[in-house]
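The values are calculated or read from the model by the stated rules, or taken from the named source; none is laboratory data. Given the structure is predicted, the values throughout are model-derived calculations rather than measurements. Using ideal geometry, Cβ is built from the backbone for each residue, glycine included, and neighbour counts are taken over all protein chains shown.
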Amino acid sequence: MTIRSRLIVRFTGLVTSILLLTFVSIYAFCWYFISSDFYRRLDRKANTMGDMLIRHRLDADLIRQLNRIRRDQLPNQKVLIYNGRDTLIFSTNESLSLTIPKRTLDDIRRVRQKDFRQDGYYLSGSRYLTADGAFVVVASAQNVYGDDFLYRLRWALTGLLGLIIGITTLAGWIFAGDAMRPVQQIDNTLSHIFPNNRDERLPVRPDADEISRLSGTINRLLDRVGESFRLQRLFVANVSHELKNPLTQISSQLEVSLLKPREPAAYQATIRSVLDDVSELATLTHELLQLSQVQQDAAVGMLTDLVRVDELAWDIRDTVSALNPRFRVTVTLGTLPDDPDQLAIPGNRTLLATALKNLTENACKFAPDGQAQVAVQLTGRAVRLTVANEGPPIPAEEQPYLFEPFYRSRQTADQVRGYGVGLSLVEQIVRLHRGQLSVQSEAGSPTVFTIELPRL
């Protein structure tokens, strides 16, 4: 069942239940009022007849004559009087046959007054105690007008209920269709977006209702999906290119070695060259694994360490300096807090070390003198790490693409060997720690990479 159908069924069911309860209450009130009023009239007639015949001992024939000429007679009215031995001693309207069971007479004597229905008649019985025994007076009649009113009321309420159910169902169909129309538009737009046009987005209305918020959420999801597709295509294209060169070199060298017998020295040279290519493949594979393992979904399970940023900077200085005799790293600490623990941040020490090492190593690689400056500062609720060098500036048009996987600028691609994975890895690690990474590079000024990480 569709959402529209469920809304219609629930809306119609709710309205029907409310109306049914209302109509039943109205009918029950009318039935109770009409019945009670008719029983009161019968009770007055029974009391009047009992007083005249039993208490005042008027003549029975006279009473019958008076009863015939009275104008307030009820439809098919009949009065019966029984003595203490349940013998009928008085009756009016002899043309009507009505017999009261002995058990009913006993109930009237026991409860003193009783209203009941029998054979389509309304009856009201009263008890009279005298020296001659307990008499019972029963007045009966047909409530023609009341029953007819209740019959018409019952059919009127039934017809009105059916009419309202029909109107409610139609209105529910229209209103549910109007409410679900934006959802249908979203479905149609999404069906057109994939696979035809991934750049199209859902329209977001200015009013901040649920549909607008849903459209905004879907648009953000589409942005992430589109970015994933773009990175996937970029990844496949670059990985194919990076893997093709060493594999081609390995294959070519091995094929040349097999063309004719060679001296052992030649085989050794070929093996060393192949090992260099294999080392490049291993390095690329390692960087790809690091890049794939740093995912935002794993943040909760990975950020379990308490990392002192100042200690991390000193460790990275020693690590990078040992990589190449030309590399020199200096560490500068800003104004330190009285409590050294204020320099601690929650995170993953291994990942943070990888990010800072990549930035520092890159700074040393691209600096003409091989020097890099690492600075640690405490700023409000964050710890700031800056890595600077005096290398050539990064062109402004290339800076927005620095943190994309496998991107390498034309300026650096020929100077330093690499795969364009390091800065993308750094950006993902910083984002994983809920931090910010930025770069500032202009002619005549040092190139500075800045990391800001929230502290405790």
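Pick out the one residue from 119, 115 that is among the acidic types (Asp, Glu) and at pLDDT below 90. Testing whether each residue is among the acidic types (Asp, Glu) and at pLDDT below 90 leaves just 119.
Across segment 292-335, which residue is modelled with the lowest pLDDT among those that are within 20 Å of residue 452 (Cα to Cα) and of a type in the set (D, E, K, R)? Top of the filtered list is 305. For segment 271-291, the criterion of being modelled with pLDDT under 75 and outside any helix (DSSP H, G or I) is satisfied by no residue at all.
Contact map, segment 163-181: first residue within 9 Å of residue 4 (Cα to Cα), second residue part of a helix (DSSP H, G or I) and small (Gly, Ala, Ser), Cβ cut-off under 8 Å, separation 6 or more or different chains; the map is empty. Output yes when any residue across segment 174-192 is over 30 Å from residue 15 (Cβ atoms) and of a type in the set (A, V, I, L, M, F, W, C), and no when none is. Scanning segment 174-192, I find at least one residue that is over 30 Å from residue 15 (Cβ atoms) and of a type in the set (A, V, I, L, M, F, W, C), so the answer is yes. Checked against the criterion of being surrounded by 12 or more Cβ atoms within 10 Å (Cβ to Cβ) and touching a residue at least 40 places away in the same chain (Cβ under 8 Å), segment 182-198 contains one or more residues that satisfy it. Which numbered condition trips up residue 134, out of (1) more than 30 Å from residue 49 (Cα to Cα); (2) not in a helix (DSSP H, G or I)? The failed condition is (1).
Residues of segment 135-150 that are closer than 13 Å to residue 82 by Cβ and aliphatic (A, V, I, L, M): 136, 137, 138, 139.
Scanning segment 253-270 for residues that are assigned to a helix (DSSP H, G or I) and loosely packed, with under 12 Cβ neighbours inside 10 Å yields a total of 6. Of all residues in segment 383-442, how many are among the small types (Gly, Ala, Ser), at pLDDT 85 or above and outside any loop (DSSP other than H, G, I, E, B)? Total meeting the criteria: 2.
So in segment 105-118, with the set limited to residues that are among the charged types (D, E, K, R) and either in contact (Cβ under 8 Å) with a residue 60 or more places away in the chain or in a loop (DSSP other than H, G, I, E, B) (or both), which one is farthest from residue 53 (Cα to Cα)? In this case the residue turns out to be 115. Among residues of segment 119-136 being under 15 Å from residue 74 (Cβ atoms) and in contact (Cβ under 8 Å) with a residue 60 or more places away in the chain, the one that is nearest to the chain's Cα centre (by Cα) is 122. Output the residues belonging to segment 88-104 that are touching a residue at least 12 places away in the same chain (Cβ under 8 Å) and either more than 17 Å from residue 46 (Cβ to Cβ) or assigned to a loop (DSSP other than H, G, I, E, B) (or both). Result: 92, 93, 96, 98, 100, 102. Every condition in (1) surrounded by 12 or more Cβ atoms within 10 Å (Cβ to Cβ); (2) under 53 Å from the mean Cα position of the chain (by Cα); (3) modelled with pLDDT of 90 or more holds for residue 10 except the one numbered (3).
Every listed requirement among (1) without any contact (Cβ under 8 Å) to a residue 40 or more places away in the chain; (2) surrounded by 14 or more Cβ atoms within 10 Å (Cβ to Cβ) is met by residue 148 save one, (2). Looking across 225, 183, 204, one residue alone is in contact with a Ser or Thr (Cβ under 9 Å, 6 or more places away or on another chain) and of a type in the set (Val, Ile, Thr). It is 204.
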